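Quick notes on the structure that follows.
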Amino acid sequence: MPATQSLVTIKGRKDGLVLVMNEACAYRDLLIELKEKLAASTNLNKNGPVISVKIEMGNRYIDADQRDQLKQIIHSYDHLKVEEIHSNVLTYAELDKIKEQEKMVTMVRIVRSGQVLSVQGNLLLIGDVNPGGVISASGNIYVLGSLRGVASAGQGEDRKDAVIVASIMAPTQLKIGETMSRNERNTAEVLTERHMFECAYLDEHIGKIVIDRIQNHNEKRKSTIYVE
């Protein structure tokens, strides 16, 4: 490998720094150049606001100890904070975790008051969730019926990207990841209206769970309903 080839590339973005690591060199050489480049950057040696750092490892496997090493080097600068270390290489445990998240559990039943239905993966419930009933999933929740009880999606993994979809969305409480909300919609009106599927998701920009028509899920619309 040519001595002049850069092993660490530092890119500045609006939301922080991205460190792109060479995936073919020896790991120890990577650490040496990372330390040298951080020390040589005059901007990083100045006091200022906390800067978010994302590390891109490419097609290099990186274990827990190596992740800690990288964090330790970067966190030696008080105003640098590692937000993510990304590698394209997955361990078997990580692959199993992804498969578990993508698994769909289908159930045909009514969840009545006092009953709790909890699954690992995504839940497709064909039936209603009555007031006092609770459904929970580590992934997404899809209810082909009326949701009038409690629904918790993205549980156990704090999955902020999880969604809750229902034919009739009139819950007493929603939870996505660690964010919880109570529904202040008029349940009687919701149940008598003509309905299209609605989707509840976490809008991280405002830190609230939003209910919107499912076709508008990925768009910001004036008709969006916020629930506290």
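One table, with the values for the structure above:
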read-out	value
Unsatisfied cross-links (Cα-Cα over 20 Å) in the set Lys160/Lys208; Lys35/Lys81; Lys103/Lys160; Lys103/Lys208; Lys14/Lys54; Lys54/Lys103	Lys103/Lys208; Lys54/Lys103
Projected label distance in nm at Ser118 and His205, using a 7 Å step from Cα toward the beta-carbon	3.5
In nm, spacing of pseudo-spin labels at Met180 and Val89 (7 Å Cα→C-beta vector)	4.2
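Each reported figure results from applying straightforward, stated rules to the coordinates on display, with no laboratory input. Since the model is a prediction, treat every value here as computed from it, not as a measurement. All Cβ positions, even for glycine, are placed from backbone atoms using ideal geometry, and neighbour counts span all protein chains on display.
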